[in-house]
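Participant: Just passing along the structure, written as structure tokens.
Taken together, the values in this text are just the output of simple stated rules run on the coordinates, not laboratory data. Since this is a predicted model, take the numbers as computed values, not measurements. Cβ coordinates were reconstructed from backbone atoms using ideal geometry, including for glycine residues, and neighbour counts include every protein chain displayed.
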Amino acid sequence: MRRIPTHTVDDAPVASRPLLQKIAQSSPTGRPLNLHAQMAHSPAVLAAYASLRAVTAEHGTFDPKVSWALNLATAVMVGSDYMIGIASRFAHVNGWTDAEIAALRAGTTTGDAKIDALTRVVREAAANSGNVTDATWKAAQQAGWSDEHLTEAFAFLGLTMFTGYFLNYAQTDADT
């Protein structure tokens, strides 16, 4: 059962309405997802989420397939079924097979050693308050990820943790 009201553009706090309207316009359904509709209850929360999404989209160097692998690996660690569902759908849309998505969810090999090394970094960071062992970090470097990539992965980790924790905190209902 949700803890925070789910708003429409019309009944959201006035300060949230322009951003919620923009989100609704880019939604395939023409309305905000429950995630956004609940975040709109606090303009600061909605703006923080939207800002991090915009920054990773504008300045990120990962292609969508890598981004959604990171989001999915982190969502599993956060334990948000809502976020796992969204990340799984977008991972599939961006080229991951059902078997690879299952591997990303389970933390097992996808068959892509480079992706596996990067998702191990974010999984380990999510499980250990941001701490990653030198061995995990070096394995990702040896797989071909630069320090810039490993730093950028933290932005996706942060975005997914922010989103997943909010979903758990608010007890957001799945979209129908």
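Participant: What does the charge add up to near A57, with Lys and Arg as +1, Asp and Glu as -1, over the other residues with Cβ less than 15 Å from its Cβ?
Facilitator: Around A57, the charge tally is 0.
Participant: Continuing with the same structure: Would you calculate the convex hull of the Cα atoms in region 66-166 and tell me its volume per residue in Å³?
Facilitator: 83 Å³
Participant: Could I ask something else about it? So if each residue of separation counts as 0.36 nm, and I subtract the Cα-Cα distance between Q171 and E148, what length gain in nm does that give?
Facilitator: 4.8 nm
Participant: Once the Cβ-Cβ distance between Q141 and R2 is put in as r, and R0 is 25 Å, what FRET efficiency do you end up with, to the nearest 0.05? Spell out each step's value before the answer.
Facilitator: Details: r = 42 Å, r/R0 = 1.69.
After rounding, the FRET efficiency stands at 0.05.
Participant: Could you calculate the FRET efficiency of N94 with A48 from 1/(1 + (r/R0)^6), where r is the beta carbon distance between them and R0 is 25 Å, rounded to 0.05?
Facilitator: In this case the efficiency is close to 0.50.
Participant: Let me ask something else about it. Counting helices only, and only those DSSP H runs with n ≥ 4, report the 222 nm mean residue ellipticity of the chain as the sum of -39,500 (n - 2.57) divided by its residues, in deg cm²/dmol to the nearest 500.
Facilitator: -21500 deg cm²/dmol
Participant: Follow-up question, since we're still on this one. Relative to the Cα centre, what is the charge dipole magnitude of the chain, using +1 at the beta carbon of each Lys and Arg, -1 at the beta carbon of each Asp and Glu, and rounding to the nearest 20 debye?
Facilitator: Using only the charged Cβ atoms, the result is roughly 320 debye.
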